[in-house]
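Q: Dumping the structure here so I can ask a few things about it.
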Amino acid sequence: MDALLHDLRYALRTLSRSPGFTITAVVTLALGIGAATAGFSLLNWLLLRPVEGVRDPSHAGFLWLAEHENGGYRPNSLTPSQRDLVLRRSPAVSGLAGREGPMFVNAASEHVVPKRVSIEFVTSNYFSVVGAGTQLGRPFVADDDTAPVGRLVVVISDRLWRDVFAARADAMGQAIRLNGVLCTVIGVAAPGFRGPDHLREADVWMPGSTEWDIRHLSAARRPAEPSYMRFAMRIHETATFDEAAVQLQSAVRALAIADTASFSQKVSAYVIPRLGMEAMYGAEEAIDHQLILVLGIAGLVLLVTCANVSNLLLFRRAQRRADTVVRLVLGAGRGRLVRYALTESALVGLASGGFGALVALWLAGLFRHFRILRFISLEEVTLDWRVLGFAVAAGVLASLLAGLIPALLGSPADLGSDLKASGPTQAGGATRLRTGLAVLQIAVSLTLVAGTVLFARTLRSYAAVPLGFEPAGVTIFQVDPKSQGYSPEQARAYVRAVQDRIAAVPGVQRVALVDLPPFLGIANIAEVLRLEGPADAKPIGVTSNQVSGEYFSLLKIPLLRGSTFARDDVWPDSLRALGKIVLSARLSQRLYGDSDPVGRIVQLPGYGQTSRAQVLGVVGDVHYLERGGEVQPMLYTPVGQAITPYPPMVAVRSRLTAAALEREVQAIGR
């Protein structure tokens, strides 16, 4: 122990006398460790970090039902009564809790500005199956979720409790409006709990049979009981997930035989034996590929870092060779020298691990601006004790790895011959090692540089692709009067009024309505048929969008022929009137070639009463779903003839900042 303390003190003195080497080694390792730690933080967040507020997570997981075909998944669902049949045939499973959502709703309370929150509709046993408790109030009971009409009661997250009710204990029994529907708070979930899936977190939970109230569906459109295609599951303590998977698969097959109207024989039960990330429709594979790429790059950076530090240590060893020989002559054993070298490396590693954690913290902050699979943000990627422990361990191991070979290189005989030499020389083994490390550095560095160059060229190519529109200076807001219980006529009047009032705000240049803006990741698919074409002509599949006439000038999409929608086209007195449409240049070319399409009548299969429409004009092509790839033919219809279930969005081009414009819009909404 005394010898170890002596080595530690001597290493500290030696490192302090060589600040150039110490700082270079620590910074070099810290950068590599920071990159590797940031990559590990993603792995930790997705797969290793337990879900907060959940007891006994080792016996909880996910179940979803789907039919695999054509490389994708066709989901299937279970009603609560079908779920009970499956449970009776699966003795390893202690509970299945249905989950629908999360989806966004408007939440409001007394003296609180309305805000968008995520809500999940669940079966009454949800909290017991997941293993989550409540810090205030109670979870759901069976009587809360009685089909077809459940109780309008909610359990809210700790975060929402603090935001809306200022963490008051008397929040139980208080009212909260969700999409304008008055609900009663009966519980506050355990601190940190926001659902069992890191990628789909919620702030509000309601009984599944109340979904139709929150969505304002009429009694005639409500099903007899809710159905779920996603479930949280819990197995008995003596069971395994493999046993549960076999039993659930057999139960689903038996249900398919007994209920051929609801189930196909091809439906499979997919069990995910952990909470944290639910694999659906291939999402896990896509995330795994991105995660492997991040960790692979981080590993290569750390490998280059170790090689760099090894070369530094070899150079330092050559400079201090005479000092090492003197220590041998004075009686220091080979083991003592190796132990001292490793002690010095470990000190460098501890310092590097600490600074590497700071680098990782900065990189984790950058992750929060990224998204996985378009919609999944990384806002919750944080550094916990696992990540910090990884940083320190990586620092020590990397420094020991970098210092071990130089410490072991050479023999006392070699060192004795160096003492007789006229000056410090380097043994052949050291020369070969430095050459090998240099080759390794060059090879890995060239790999990273080549990947970086290719990535930069890809980004440059993407940036050079013209979008077909100008997004700078445009802010988009969601308007959802239907979710507040407005009738179609009331919703149309409300949206028109909001558009006019925003247009009157000083600094606002133009206001337009749009169903799905570009790059949202969602597209409406429609078909267009040229009426005067051949009798055997087939409809052309296109991407469609519902917009107001100002949309094209707001995004600076050029008008090539004819005109765009007038106000009467967007808000017609009768939805049975002949529809009006605008074509993109690509769609116009496919339908009419070089002929002028303005004034022509087309057939829109699937559009019901507005199945025939007249072409008003042709506008420029735009990249709609992604910047790269081929431009798709686009069909534009008036947003006032809303055919899709999505509420319209308000696009605003203005000279105001986004924050200032948001305040103005909130004032209008109130």
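The values are calculated or read from the model by the stated rules, or taken from the named source; none is laboratory data. Keep in mind the model is a prediction, meaning the values are calculated, not measured. Reconstructed Cβ throughout: ideal geometry from the backbone, glycine too, with neighbour counts over all protein chains shown. The protein model used for the area step is the full one, side chains on, heavy atoms only, and it has no ligands, DNA or RNA in it. Shrake-Rupley method; radii C 1.70, N 1.55, O 1.52, S 1.80 Å.
Q: Only residues in the stretch 136-154 that are free of Cβ contacts under 8 Å to residues at least 60 places away in the same chain count as the first member; pair them with residues that are of a type outside the set (Lys, Arg) and surrounded by fewer than 13 Cβ atoms within 10 Å (Cβ to Cβ), Cβ under 8 angstrom, at least 6 apart or cross-chain, and list the lot.
A: Listed by first residue and then by second, the contacts come to LEU136/ALA169; ARG151/ASP143.
Q: Taking into account only those residues within the stretch 174-193 that are open to solvent by less than 40 Å² (accessible area, probe 1.4 Å) and free of Cβ contacts under 8 Å to residues at least 60 places away in the same chain, which is nearest to ARG162 (Cα to Cα)?
A: For the stretch 174-193, the residue satisfying everything is VAL188.
Q: Quick check: anything in the stretch 142-160 of a type in the set (Asp, Glu) and under 16 Å from TRP212 (Cβ atoms)?
A: Looking through the stretch 142-160, at least one residue is of a type in the set (Asp, Glu) and under 16 Å from TRP212 (Cβ atoms).
Q: Output the residue which, of all residues in the stretch 129-154 that are assigned to a loop (DSSP other than H, G, I, E, B) and among the small types (Gly, Ala, Ser), is modelled with the lowest pLDDT.
A: ALA147
Q: Hey, which of the helices (runs of 4 or more DSSP H) in the stretch 505-593, taking only ones fully inside, have at least 2 residues that are modelled with pLDDT of 90 or more and open to solvent by less than 30 Å² (accessible area, probe 1.4 Å)?
A: Details: elements: 550-554, 567-570, 585-592.
Passing ranges, in order: 550-554, 585-592.
Q: For the stretch 205-229, which residues satisfy the criterion of being within 20 Å of LEU65 (Cβ to Cβ) and assigned to a loop (DSSP other than H, G, I, E, B)?
A: PRO223, ALA224, GLU225, PRO226, SER227, MET229
Q: Which of (1) in contact with a helix residue (DSSP H, G or I) (Cβ under 8 Å, 6 or more places away or on another chain); (2) at pLDDT below 85; (3) among the hydrophobic types (A, V, I, L, M, F, W, C) does VAL618 not meet, given it meets every other one?
A: (2)
Q: Do we find that ASP197 is crowded, with 21+ Cβ neighbours inside 10 Å and modelled with pLDDT under 90 in this structure?
A: Working: crowded, with 21+ Cβ neighbours inside 10 Å: yes; modelled with pLDDT under 90: yes.
Answer is yes for this residue.
Q: Looking only at residues that are outside any loop (DSSP other than H, G, I, E, B) and open to solvent by 10 Å² or more (accessible area, probe 1.4 Å) in the stretch 625-641, which one is modelled with the lowest pLDDT?
A: Selected residue: GLN641.
Q: Here are the criteria: (1) more than 21 Å from MET172 (Cβ to Cβ); (2) in contact with a Lys or Arg (Cβ under 6 Å, 6 or more places away or on another chain); (3) of a type outside the set (Phe, Trp, Tyr); (4) open to solvent by less than 40 Å² (accessible area, probe 1.4 Å). Tell me which single one SER90 does not satisfy.
A: (2)
Q: Here's a follow-up. Kindly indicate the residue of the stretch 73-87 that is farther than 18 Å from PRO223 by Cβ and in a strand (DSSP E or B) and also least open to solvent (accessible area, probe 1.4 Å) among those meeting that condition.
A: Looking at residues that are farther than 18 Å from PRO223 by Cβ and in a strand (DSSP E or B), I get TYR73.
Q: For the stretch 224-256, what are the residues that are open to solvent by 50 Å² or more (accessible area, probe 1.4 Å) and touching a residue at least 60 places away in the same chain (Cβ under 8 Å)? Step through it out loud before you land on a result.
A: Kept after step one, since they are open to solvent by 50 Å² or more (accessible area, probe 1.4 Å), are these residues of the stretch 224-256: 224-225, 227, 229, 236-238, 240, 242-243, 246, 250, 253.
Answer for the stretch 224-256, where residues must be open to solvent by 50 Å² or more (accessible area, probe 1.4 Å) and touching a residue at least 60 places away in the same chain (Cβ under 8 Å): ALA224, GLU225, SER227, MET229, HIS236, GLU237, THR240, GLU243, SER250.
Q: Tell me the residue from ALA245, ALA232, ALA202 that is of a type in the set (A, V, I, L, M) and assigned to a helix (DSSP H, G or I), please.
A: Only one candidate passes the filter, namely ALA245.
Q: May I pose another question? Output the residues belonging to the stretch 473-500 that are surrounded by 16 or more Cβ atoms within 10 Å (Cβ to Cβ), more than 31 Å from the chain's Cα centre (by Cα) and farther than 23 Å from ARG177 by Cα.
A: Of everything in the stretch 473-500, those that are surrounded by 16 or more Cβ atoms within 10 Å (Cβ to Cβ), more than 31 Å from the chain's Cα centre (by Cα) and farther than 23 Å from ARG177 by Cα turn out to be ARG496, GLN499.
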